[in-house]
Amino acid sequence: MRCALAVTLALLAAQCGIAAGSTAFPGDPARGAAIYDRCIACHALAYNRTGPKHCGLFGRRAGSVSGFAYSPAMARAKFTWNAETLDRFLENPGRTLPGTTMGYAGIADPRERADLIAWLRQATTESPDCRR
Amino acid sequence: MIVRINPFAALEDIGRRRFILGSGALLSASAVALLAGRPALAAEYGKKKGADTQSDIRILNTALGAELEAIAAYGVGAGSGLLQKPALDLALQFQGQHKEHADVLAKTVRKLGGTPVEAKSRYEFPTEQLKTQADVLGFAAGLEKGAVSAYLGAVPLFRERELARAAASILGDEAMHWAVLRQALGENPVPAAFVS
């Protein structure tokens, strides 16, 4: 039932483990680090900016960083960030989560998303910025 | 001679045009929601007047928030004592242009009936990593590069096409900042044929 409340069908599919299709590429974190440059106008790993901080992203419920003013859409979201939900969201944030304030068209190339997600997985857990 | 322009001039009558165009675009939003198998969501969209305008306001406000942070970041750089002329003059000039972006974005949000976000009382910057002029310029270059990406990601999202044009006008300015900062750092100022 929790799945039925997920924000969109796309995320629902990802959350419930139905073919989410992000595993086609292994993902190269070195390339992903360069792709993260596209995010740094708004995000940092360790602190909230225009967008929420990314440390601890994996396994965290969407819209749950304290002290960050999320859109109602993100604050109400009932899913957790993992490779699949990130893949869906980053492909087209506004379509996946209508009403999001992340005004960013997304990353259309599945390989680029896989690289970025591989880097995020490392950086949001292992980087010195996130260990402090 | 450089003539000052207002990239948002074509938007002077945006409120009126939005009124005329609004309902058709609303329908398509409902259609998308229906397609996604969420009739309840579709109904909600249908009820919400001017969903397209709300979406444009959200995008503008997020961009405004980032511009306000950039203004503060250049303030930190210029006040750090690490920048010498001519780098200091560049920083102040670029800060002034970010202020112009922020002003026009806030004005546009208001024109659309929204409330512009305000500057935070406090921003976090990685100041402990800024020890030399090159560190400061490198930090600024990273933010400008990010800003180019952010506007590139915003341009296709605007429901009002004139807003896309105006955002592209800002993107061009920030790309110039990025190139000049790279040049000042002794890096290839224009490393690629495309920005991403």
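Structure notes:
- Hydrodynamic radius of the stretch A:27-130 per Kirkwood, over alpha carbon pairs, in Å: 13.7
- Summing Lys and Arg as +1 and Asp and Glu as -1 over all other residues whose Cβ lies under 13 Å from the Cβ of A:Leu86 gives a net charge of -1.
- Hull volume per residue, based on the alpha-carbon atoms of the stretch B:54-184 and their convex hull, is 92 Å³.
- Which of B:Lys99, A:Lys53 has the fewest Cβ neighbours within 10 Å, and the rest in rising order: B:Lys99, A:Lys53
None of the figures in this text is laboratory data; all of them are computed from the coordinates on show. Only a predicted model underlies this, so the values are computations on that prediction, with no experimental measurement involved. Methodologically, a virtual Cβ is constructed for each residue, glycine included, from the backbone with ideal geometry; neighbour enumeration extends over all protein chains shown.
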